[in-house]
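Step one of this worksheet: look at the structure below.
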Amino acid sequence: MSFNSSENGSILSFDDNALLQNLCGERNSNLKLIEEALQVKLNLRGDQITLFGEEADVKLARRVLKELYGLLREGYPLYPSDINHAIQILSGQFKARLKDIFLDAVYVTSKKRIITPKSLAQKDYIEAIRNYDIVFGIGPAGTGKTYLAMATAISALNAGKINRIILVRPAVEAGEKLGFLPGDLAEKVNPYLRPLYDALHDMVDFDQTSALLQRGVIEVAPLAFMRGRTLNDCFVILDEAQNTTSEQMKMFLTRLGISSKAVITGDITQIDLPNGTTSGLIETMKILAGIQGLKFVYFTDKDVIRHRLVQDIIKAYEKAERKKRN
């Protein structure tokens, strides 16, 4: 791949037509995404792409194309969603390299889909999970906090590094508001645990998941079921931790036993606790800030990996909240 600049635009030349075709996408759909996001014009002719626009925009677009082409050279399966992730990463960090992020395979699902980080914060989060026994992932919905933690846990289980995976959620309304529902406590709180089952089934095929759950290798449980237990040789994920009370958070953190790892995820802007109740997650951010051996990783709306509109919706709500406070 080479680059030339002239009055007629900046020209990138590519040496592999098959990779160039993948880079451009079906009917040049990937190029159109870059054009829309960066306000540039991209013309494909033969093995060359000519870039037109403001100098700074062209420079960034050129870098995005070069970095994505480098991923394809490494055998990375480029998806349309990767285009926006790449632009966000390279727009915010001049020294960032997509290879260091996108090629860090966390887990390969039963559908042969490779789960990798899609932002710098996600990369930091994965590294923290690998290197620390207790990790807090804090940020808005859609940033992959629970999903990446679960992928890392399943990978560790398959590698024999742990014996069990325990997925935990607080059931905020598991008291009076659910009392009229039929069934025991486990059946009453099951709707609160459904998102964990959904993520699990997305990574492991149904039969294998059922077998692991039946044997107790993977356990999905409400937080209340953790009291009095000691969790050894396992990977524990506490999801929606912003809805824990101070007592519940302390109880959970003191369950961790030998050769175990815990990941605690939450969004402190989405607290469903009764008014006047302190969130255990917010309190923990203050109490445990200086302890060695654990890590806090913070996500922002820039790390959202759901539909593009989700990021805009999060920004709109944050703006509205700021107006209310002012």
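The values are calculated or read from the model by the stated rules, or taken from the named source; none is laboratory data. From a predicted model like this one, the values you see are computed outputs, not experimental measurements. Please note: Cβ atoms are built from the backbone with ideal geometry, for glycine as well, and neighbour counts cover all protein chains shown. These area figures cover heavy atoms from the full protein model, side chains too; ligands, DNA and RNA do not enter into them. Shrake-Rupley method; radii C 1.70, N 1.55, O 1.52, S 1.80 Å.
Between a first residue in the range 286-302 that is within 15 Å of V263 (Cα to Cα) and touching a residue at least 60 places away in the same chain (Cβ under 8 Å) and a second residue that is in a loop (DSSP other than H, G, I, E, B) and open to solvent by 80 Å² or more (accessible area, probe 1.4 Å), which pairs have beta carbons less than 9 Å apart while being 6 or more apart in sequence or on different chains?
From residues that are within 15 Å of V263 (Cα to Cα) and touching a residue at least 60 places away in the same chain (Cβ under 8 Å), the pairs are G293/D133; L294/D133.
Can you tell me which residues in the range 246-271 are touching a residue at least 60 places away in the same chain (Cβ under 8 Å), within 28 Å of E321 (Cα to Cα) and of a type in the set (S, T, Y)?
T265, T269, listed by residue number.
Select from the range 81-119 the residues that are among the β-branched types (V, I, T) and in contact (Cβ under 8 Å) with a residue 12 or more places away in the chain and list them in ascending order.
Passing the criteria: I83, I87, I89, I101, V106, T109, I114, I115, T116.
Would you check which residues across the range 128-156 are assigned to a helix (DSSP H, G or I), farther than 21 Å from T284 by Cα and under 13 Å from the mean Cα position of the chain (by Cα) and list them?
Once the filter is applied, which keeps residues that are assigned to a helix (DSSP H, G or I), farther than 21 Å from T284 by Cα and under 13 Å from the mean Cα position of the chain (by Cα), the range 128-156 yields Y147, L148, M150, A151, T152.
Please go through the range 115-147 and give me each residue that is of a type in the set (S, T, N, Q) and open to solvent by 30 Å² or more (accessible area, probe 1.4 Å), ordered by number.
N131
At pLDDT below 80, outside any strand (DSSP E or B) and exposed (fewer than 10 other Cβ atoms within 10 Å of the Cβ): is that true of R322 in this structure?
So R322 fits the description; yes.
Just checking, which of K95, K99, K112, K161 is on the phi > 0 side of the Ramachandran plot and open to solvent by 60 Å² or more (accessible area, probe 1.4 Å)?
K112
For residues that are in contact with a Leu (Cβ under 9 Å, 6 or more places away or on another chain) and assigned to a strand (DSSP E or B), tally how many sit in the range 278-297.
3
Cβ contacts < 6 Å: first residue on the phi > 0 side of the Ramachandran plot, restricted to the range 208-235; second residue at pLDDT 90 or above, any location; separation 6+ or different chain. Result?
The qualifying pairs are D233/I162; D233/N163; D233/S259.
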